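Notes follow the structure.
What follows draws every value from the coordinates through simple rules; no lab data is involved. Here the structure is a predicted model, which is why all the values come from computation and not from measurement. With ideal geometry, Cβ positions are generated from the backbone for all residues, glycine too; neighbour counts draw on all protein chains shown.
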Amino acid sequence: MIKNVLSDIGGVGLYGVISVCLFFIVFSGALIWTLLQRRTLMNEMGGLPLNDGETPKFNEGESRHE
Amino acid sequence: MKTETFRYDNRIVRAFAIATMVWGIVGMSAGLLAAVQLFWPEANLSLQFVTFGRLRPLHTNAVIFAFVGNGMFMGVYYSLQRLCKARMFSDALSWINFWGWNAIIVAAALTLPLGFTTSKEYAELEWPIDLAITLIWVAFAVNLFGTIAKRREKHLYVAIWFYIATAVTVAVLHIVNSLEVPAGAFKSYSIYAGVQDALVQWWYGHNAVAFFLTTPFLGLMYYFLPKAANRPVFSYRLSIIHFWALIFLYIWAGPHHLLYTALPDWAQSLGMVFSVMLVAPSWGGMLNGLLTLRGAWDKVRQDPVLKFMVVAVTAYGMATLEGPMLSIKSVNSLSHYTDWTIAHVHTGALGWNGFIIFSMLYWLVPRLWRTPLYSLKLANWHFWLGLLGIMFYAIPMYWAGVTQGLMWKQFTPDGFLQYPNFLETVMQIVPMYRLRAIGGTLFLVGTIVGVYNLVRTMRSGVFEPDTEAQAVVQAEASGAAEHGHRWIESKPALFTLLATVAILIGGAVEIIPMFLIRSNVPTISSVKPYTPLEVLGRDLYIREGCVGCHSQMIRPFRSETERYGEYSKSGEYVFDHPFLWGSKRTGPDLQREGGRYPDAWHYNHMEDPRSVSPGSIMPPYPWLYTQTLDTNALPARIAALRKVGVPYPPGFENGEAQKQLAAQAAKIVVNLRVGSITNAAPNAEIIGLIAYLQRLGTDIKSAPAAADAGDGSVPVAALNPNPVR
């Protein structure tokens, strides 16, 4: 079967190992980078959707008239 | 610090909102009609255009690209402007995106019922439409990146990251999977064959789910959930990790659609491992969403926006736990080809995508029309009808899937199949198909109630075409600030580059070896290209969407080899452009169909399946008996197949092909006479289809028992049998 040919042409066993290592590096990198970020920046970033610069006109409570 | 006043474009959001409502009803109705046909085939109204095989891709395309696609653009166009504190880069591009996308959908709604299809799931549209999709997607991407470039907010919120990943990855997926050679205005052949085509298709198919149905909606969740709850996301740090882990892992998971098939084992294992790992970032995202509501759960009781959102995020959590579970090979050996998969995808489609779109609509419409929602009571009706609809859909499908999967594998104590007749396993689950249609009806009725409510809301308000907003302009005066500004502007580009690398690695590692070793794939010496009549017959098989219900891939299990015959080898598919392995067995596998029944059986069966298989839910195909084979198309098709690598001799299509076709058709007509069918026309479409069906899986039966052919090909007997169970 095709898998026999592949295992014979060499290195296929490494694919899984390399892939998991790659993921580990990317994941660790993202984790470390994230943990190094300042708390104030994270709070600022997290608050972005709540500040869209719209001139306030709409009253939240209006949609619940029943 | 200078403050600038500008206007957000609401018109484009309105257009996509109306489109998603209209297409939602259309797509769900098509799904309901398809569901009804599975227990009442006559519901095809005797029309070839809406028979299950052609209706199914219409349903999936309408729901994915029309309903969910327009819903996605609606949310992205609303949130992107506000997160960037800028109007869209170009209004013209926004409208090109809207009209182009919806024209593509109309083209799909016309061509799929007519049978113009590539047969590759969620990529069925033919090559001219593929080109149009590419252009419109580029328009969207330019508009997206243009808006990001002119933003007044220096930070890119995580939602925008998800949008960027979507724009880049969908482009890559669509282009790579749609590489095909045209053989007419609405006919093409995939440049890949067999195993390669399967791997590319499911790399695409899985990641279409990932990057069209999931990542953009996670971005929308990260925007609309904090908005509706009026509090920031639970953990912004978690959202960053969620993003990178998710996009890196997702792209590897495609091979889990091909477990136990002829795909090389290493690729299957890689796909399985990464699929299982995916549960971590997925649940990280789900928990991040749900925990955002801590302290605000009282709002969930009243606010339809949050109600729908909570169910959507929960459905995301359930589907992303189930997905990795189904990717475990031993679970997949039971679930694959059954209705379990159908239950799984509908948890995602109805629960996750459907409910999050409704949530956004209930948020947007009152705000854009500056009026309260018309009726909270109707919104509650919509919610409960939708939720019950999901339950009535999913539970019977789980029941049906597990029941049928177990029946397929059941042996008697003497070692024979307990249910050797496939039809018996189908009839067992027909009641579940009826229940599923009730679930679908409930969901559709809920949607109609919701749309009515939203339309009444629109009518009672006044639409605001632009919303005025203000933002502080980033400093530009000093050199240092300029440097900072440049640095910020370069970030989206760097970010996009990193995201692109992350999504390319997985695809490259899995796909490239499959092509590099192409010359090493053991071709089976007895596997030959299809004859001209079989080519036309195969095209009819594709046109009628037979692949929607019949697989051509026998897995190496004893329960399958007993039922269908020798398990499938990768070398058998080297001339299959496109591959037709299928993903669902509503009917039996057809890989070894050739020679199983006489020609006359197929003739009678296709005309009225129940005349030979009482109780069958397969629809009749009377039009195949009155429509004539399109032999004029043959030269273009043979030439196109040669271009993609099928070794037809030069000039074969000029005369010789037609001669062979006529001879084979005449032989089938003679065979039919033996079976007491005297009125068969040699140029009827059914003749071509019979030729193809009788060829299926027969090549390896004529293989030499031993000895190398001397041309590097491997005789069948030398292939490792190695059946798993």
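Extending 7 Å from the Cα toward the beta-carbon at both A:GLU54 and A:VAL17 defines two label points whose distance is 5.6 nm. In chain B, taking the dipole from charged Cβ atoms about the Cα centre, the farthest positive-side position among B:TRP161, B:THR371, B:GLY289 is held by B:THR371. Can you give the FRET efficiency for B:SER90 and B:ASN230, using 1/(1 + (r/R0)^6), R0 = 22 Å, r = Cβ-Cβ distance, to the nearest 0.05? Calculated value: 0.10. Between B:GLN470 and B:LYS491, the distance separating the two model label sites (each 7 Å from Cα on the Cα→Cβ line) works out to 2.5 nm. Calculate I(q)/I(0) for region B:532-718 by the Debye formula, one identical point scatterer on each C-alpha and no solvent, and give its log10 at q = 0.11, 0.19 Å⁻¹ to two decimals. Relative scattering, expressed as log10 I(q)/I(0), comes to -0.53, -1.48. For chain B, the relative contact order comes to 17 percent (Cα pairs under 8 Å, sequence separation of at least 6). Extension gain for the segment B:VAL612 to B:VAL455, taken as residue separation times 0.36 nm less the Cα-Cα distance, is 51.5 nm to one decimal. Per the Kirkwood formula applied to alpha carbons, region B:246-294 shows a radius of gyration over Rh ratio, Rg over Rh, of 1.18.
Quick one: Debye curve from the alpha-carbon atoms of region B:73-196 only, equal weights, vacuum; give me log10 I(q)/I(0) at q = 0.15, 0.19 Å⁻¹ to two decimals. Taken in order of the listed q values, log10 I(q)/I(0) reads -0.75, -1.01. Loop-located chymotrypsin sites (Phe, Trp or Tyr not before Pro) in region B:359-420 (DSSP state not H, G, I, E or B) with no more than 15 neighbouring Cβ atoms inside 10 Å: B:PHE416.
Its alpha carbons give region B:271-409 an Rg and a Dmax of 17.4, 59 Å. Using R0 = 41 Å, the C-beta based FRET efficiency linking B:LEU179 and A:LEU35 works out to 0.45. The charge dipole of the protein assembly as shown, taken about its Cα centre with unit charges on the Cβ atoms of Lys, Arg (+1), Asp and Glu (-1) only, comes to about 1580 debye. At what distance in angstrom do the alpha carbon centres of region B:643-683 and region B:409-435 lie from each other? The two parts, judged by their Cα centres, are 37 Å apart.
Considering only Cα atoms, the convex hull volume of region B:201-247 works out to 55 Å³ per residue. Helix B:304-326 versus the longest principal axis of chain B: what is the Cα-based angle in degrees, 0 to 90, to the nearest 10? Computed tilt is about 40 degrees. Shown is the FRET efficiency for B:ALA633 and B:ALA663, computed with R0 = 22 Å from the Cβ-Cβ distance and rounded to the nearest 0.05: 0.70. With neighbour counts taken as other beta-carbon atoms within 10 Å, the residues B:MET72, B:MET309, B:MET318, B:MET407 rank, fewest first, as B:MET318, B:MET407, B:MET72, B:MET309. Each of B:ALA502, B:PRO57, B:ALA315 was scored by the projection of its Cα onto the charge dipole of the protein assembly as shown, and the greatest displacement toward the positive side belongs to B:ALA315; charges sit on the C-beta of Lys, Arg, Asp and Glu. Most simply put, the protein assembly as shown has about 95% antiparallel DSSP beta bridges, counting only bridges with both residues inside it. From the Kirkwood radius over Cα pairs of the protein assembly as shown, Stokes-Einstein at 20 °C and 1.002 mPa s returns a whole-number translational diffusion coefficient of 77 µm²/s.
On full extension, the segment bounded by B:TRP99 and B:TRP381 gains 98.3 nm, given 0.36 nm per residue less the C-alpha separation.
With the cut-off at 14 Å, report for region B:619-702 the share of all Cα pairs above it, as a whole percent. Value for region B:619-702 (Cα pairs over 14 Å): 70 percent.
Do the alpha carbons of any pairs in B:LYS150/B:LYS187; B:LYS154/B:LYS377; B:LYS227/B:LYS584; B:LYS150/B:LYS227; B:LYS299/B:LYS329 sit beyond 32 Å of each other, and which pairs? Cα-Cα > 32 Å for B:LYS150/B:LYS187; B:LYS154/B:LYS377; B:LYS227/B:LYS584; B:LYS299/B:LYS329; rest within. Using 0.36 nm per residue and subtracting the Cα-Cα separation, the extra length available between B:LEU291 and B:LYS154 on full extension is 46.6 nm. Calculated on the Cα set of chain B, radius of gyration then Dmax: 26.7, 93 Å.
Over region B:532-718, what is the mean sequence separation of C-alpha contacts under 8 Å (at least six apart), divided by residue count, expressed as relative contact order in percent?
Once normalised by length, the contact order is 30 percent.
Here the dipole of chain B is about 1940 debye; that uses its Cα centre as origin and unit charges on the Cβ of Lys and Arg (positive) and Asp and Glu (negative).
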